[in-house]
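Presented below is the structure to which this report refers.
Nothing in this text is a laboratory measurement; each read-out follows from the coordinates by a stated rule. Being a predicted model, the structure only gives us computed values, none of them experimental. Here the Cβ positions follow ideal geometry from the backbone for every residue, glycine too, while neighbour counts run over all protein chains shown.
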Amino acid sequence: MWNHRIVSTVDDMGSEYLELVEVFYDRDGHPYAYGDATIGGDYVGDLHEQVELFKKSLDLPILRYPEHFTGNVNK
């Protein structure tokens, strides 16, 4: 399973950085990896649907890396 979520990381300078990304979950529902979120599709309607999913993800709690992730994240 996957969905779009905001993930918080800390850069080399110690500053928080937020990204809207695709998060992948293990069988138990725990986040284990994330990757860059992109918008693409065969039709403009596909893009509208993805933008709506992005909007919904803004209302979900922020996931903090590495605290909320169970595996080795391959971004």
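Quick rundown of the values:
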{"read-out": "Packing-based ranking, highest mean first, of 50-59, 18-27 given that Cβ atoms within 10 Å are counted", "value": "18-27, 50-59"}
{"read-out": "The chain - charge dipole about Cα centre, Lys and Arg +1 at Cβ, Asp and Glu -1, debye rounded to 20", "value": "160 debye"}
{"read-out": "Principal-axis tilt of helix 44-57 within the chain, Cα atoms, nearest 10 degrees", "value": "30 degrees"}
{"read-out": "Gain upon complete extension [Asp42, Glu67; 0.36 nm per residue less C-alpha separation]", "value": "5.4 nm"}
{"read-out": "Gyration tensor (Cα) of the stretch 1-50, equivalent ellipsoid semi-axes in angstrom", "value": "24, 17, 7"}
{"read-out": "Ranked by how many other beta carbons lie within 10 Å on average, peptides 41-47, 62-68, 29-35 from highest", "value": "29-35, 62-68, 41-47"}
